[in-house]
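Before any comments, here is the structure.
Computed from the coordinates by the stated procedures, all read-outs in this text should not be read as laboratory data. If you're wondering where the values come from, they're calculated on a predicted model, not measured in any experiment. All Cβ positions, even for glycine, are placed from backbone atoms using ideal geometry, and neighbour counts span all protein chains on display.
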Amino acid sequence: MTVMNGIEFLSKLREDPKNKKIIILVMTTSDDVKDKQDAYNYNIMGYIIKGEVIDDVPESILMIKAYMKLIQE
């Protein structure tokens, strides 16, 4: 099975017109500016670096929900 990175996955996903409007929030370990720009080029909703997310999973989920609510206003 071929392994692909997140940017390759986004590229493949967005090839299908049915997937153009899927809301995607990227969670990654990469803080590379080029990776972030490449991801936003595929019309993602947000880019969160995993190291910046609170280690406690329930708190992380609440943070993501608050982020989504904020950007949808």
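What are the semi-axes of the equivalent ellipsoid of the chain, taken as the square roots of 5 times the eigenvalues of the Cα gyration tensor, listed largest first and rounded to whole Å?
Here the semi-axes work out to 22, 16, 12 Å.
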What is the extension gain from Gln72 to Tyr40, computed as 0.36 nm multiplied by their sequence separation minus the C-alpha to C-alpha distance, in nm to one decimal?
9.8 nm
Helix 57-72 versus the longest principal axis of the chain: what angle, 0 to 90°, nearest 10, using Cα atoms?
70
Run the quick spin-label model on Leu13 and Glu59: label points 7 Å from Cα toward the beta carbon, then report their separation in nm to one decimal.
2.7
